Amino acid sequence: MGRIRIAERGERLVYRIAGLPVALSGLWLLSQGTDGADLQSLDAAFASRYWRPEGIGEVLELAAAVVAWPVALVAGSLWYTARNSAAVRRRVGKGAARQIADQLRLYFSTGVLAPWYYIFSLDEDGEAERARSFLQRFQTKTCLFVLLEPKKGSPLNDKARFAQHCVDHGIRTVDVIMHLEGSIPGAALPDRDLFVKWSRGRGGRGAERWDRVAPFVYSGPGGRILSGDELLKRLVRRSRDRALVVQPRLHPHPVFAEITAGALPTARVVTCLNEAGEPEVIVSILRTSIGANRTVDNMHAGGIAAAVDIESGRLSRASDLGTNSRLGWLSAHPDTGAPIEGLVLPYWEETKRLAMNAHRVFRDRVVIGWDVAILDDGPIIIEGNGNPDMDIMQRFMRVGLRRHRLGELIAFHLKRLAERREDAFPPGETVLTCALDEADRRHPHQRQANAGRAGFGAQFPAQQPRQQRIRRSNPQRKRVS
């Protein structure tokens with residue numbers, strides 16, 4: 001657990017460093033004022049969030065980022081360029097010096113650090129305008145999706161409660177055989193293939209696959225063979241540090257048999273509530289495993305993915321996360337040679353319908369990333385993610401999600417969140433400030449990030465045309481019908 005906390009702190013520091021240029025430019029946006037429906041309001045919201053830490057943890061993170069960014073920028077650029085420059089030179093003819101120059105320029109203009117330079121294929125053209133089109137992790141993970149999350153609501157993040165909530169509302173999902181929290185349960189493990197993961201976890205971390213090899217005998221990580229009693233005792237010991245769920249291991253539709261190394265392929269389907277409050281399918285990828293990975297299909301765990309055409313269910317070329325350019329882009333699975341590009345997913349319309357129906361059951365969430373397995377008898381929900389990774393989705397996009405339907409809907413929901421409390425604004429208060437106030441009410445633990453922001457948001461009158469912006473210096477709040 002200690003290592004996990006250290007990794008999480010390191011991740012937050014990376015977000016602080018990456019967000020620094022965007023937060024600095026956002027200060028100018030805040031001083032000028034910006035239309036609440038404008039995509040620039042995303043940067044303004046992020047800047048307000050970034051510059052208002054409270055509590056020693058966030059203050060230290062911000063101070064460390066301000067001090068460490070030159071070292072982190074140069075060291076990261078040198079590391080990732082050394083790792084990728086040869087492959088990029090062969091593919092696009094761009095040498096290491098030009099790649100480093102691109103990375104420095106794009107960091108100062110858009111906050112793109114070296115890993116995302118390669119993830120978003122900016123090594124191909126280095127275009128700042130295209131770089132600005134991407135929704136970056138430091139924006140969604142620390143600000144935008146946090147503002148849109150409910151304080152308490154549907155149980156999306158706890159896998160045991162999530163599964164029960166789906167069952168209660170008729171949504172097909174994977175059964176939870178056991179929920180272990182450090183004590184011996186009253187029943188034995190079932191005599192079947194099993195999949196074990198943390199009750200609260202992400203990225204496939206902590207997951208284990210246990211295959212039935214004989215009656216009540218299981219083979220697990222590293223080829224370890226355990227009886228049912230031995231395995232149960234082992235899982236109970238693990239669950240004393242962090243709760244686990246035990247589920248049946250599912251087997252995919254036969255069409256996927258040749259495009260996986262053994263892990264269950266899943267479609268990540270992102271849905272977002274539209275202006276009418278109804279879920280829309282926004283973007284989707286299919287993830288699968290390669291090499292020795294037989295447990296999880298996550299790209300952060302070394303898997304590959306392909307974009308799914310929303311209308312037809314047809315797959316694009318595949319790739320890994322892109323931080324190592326050696327694999328590149330693939331039309332076929334690298335281990336089996338089976339075609340990926342052009343493959344049409346079975347039950348695709350049913351998969352979209354299931355994701356949208358599931359979102360209706362979790363309607364208090366604005367954006368959800370669904371992990372859906374497609375079995376021989378149709379799709380089934382594996383889990384939902386209230387703060388889904390957008391970099392893995394945008395890996396397969398030439399133009400990012402800021403200039404996509406999702407960017408429009410996030411800006412819409414941020415503005416609507418503020419307008420819910422608009423009548424309570426004191427004179428000179430701002431829509432963005434009120435959105436952060438609302439987030440405080442819904443997320444008391446986030447108040448430390450939002451404190452002191454009064455007067456720092458962009459002032460947006462309701463329904464005001466974009467060309468009639470009111471600057472924050474205006475003491476009166478005006479309405480334009």
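The values are calculated or read from the model by the stated rules, or taken from the named source; none is laboratory data. Worth saying up front: this structure is predicted, and the values here are computed from it rather than measured. Here the Cβ positions follow ideal geometry from the backbone for every residue, glycine too, while neighbour counts run over all protein chains shown.
Assorted remarks:
- Members of the range 288-320 found to be among the aliphatic types (A, V, I, L, M) and either at pLDDT 95 or above or under 18 Å from Val255 (Cβ atoms) (or both), listed by number: Ile290, Ile304, Ala305, Ala306, Ala307, Val308, Ile310, Leu315, Ala318
- Selection within the range 243-293: residues that are among the aliphatic types (A, V, I, L, M) and without any contact (Cβ under 8 Å) to a residue 40 or more places away in the chain. The member of this set that is nearest to Val366 (Cα to Cα) is Ala276.
- Checking Ala411, Ala358, Ala338, Ala306 one by one, the residue that is under 21 Å from the mean Cα position of the chain (by Cα), surrounded by fewer than 22 Cβ atoms within 10 Å (Cβ to Cβ) and among the small types (Gly, Ala, Ser) is Ala411 and no other.
- The residues of the range 178-198 that are of a type in the set (Phe, Trp, Tyr) and either farther than 23 Å from Ala214 by Cβ or over 29 Å from the mean Cα position of the chain (by Cα) (or both) amount to a single one, Trp198.
- Residue satisfying condition, being in contact with a helix residue (DSSP H, G or I) (Cβ under 9 Å, 6 or more places away or on another chain), of a type in the set (Lys, Arg), surrounded by 18 or more Cβ atoms within 10 Å (Cβ to Cβ) and in the same structural domain as Gly302 (by TED's automatic domain parsing), within set Arg209, Arg268: Arg268
- If you go through the range 102-157 and keep only what is assigned by TED's automatic domain parsing to the domain that holds Ala18, of a type in the set (Gly, Ala, Ser) and not in a helix (DSSP H, G or I), you end up with Gly111, Ser121, Gly126, Ser133.
So that you can scan it fast, the table gives a plain yes or no per residue for (1) in contact with a strand residue (DSSP E or B) (Cβ under 9 Å, 6 or more places away or on another chain); (2) touching a residue at least 12 places away in the same chain (Cβ under 8 Å); (3) not basic (Lys, Arg):
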site	(1), (2), (3)
Phe46	no, yes, yes
Arg49	no, yes, no
Ile56	no, no, yes
Ala63	no, no, yes
Ala72	no, yes, yes
Trp79	no, yes, yes
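- Check on Val245, buried (at least 17 other Cβ atoms within 10 Å of the Cβ) and within 24 Å of Met397 (Cα to Cα): no
- Of all residues in the range 384-408 being hydrophobic (A, V, I, L, M, F, W, C) and over 15 Å from the mean Cα position of the chain (by Cα), the one that is farthest from Arg200 (Cα to Cα): Val399
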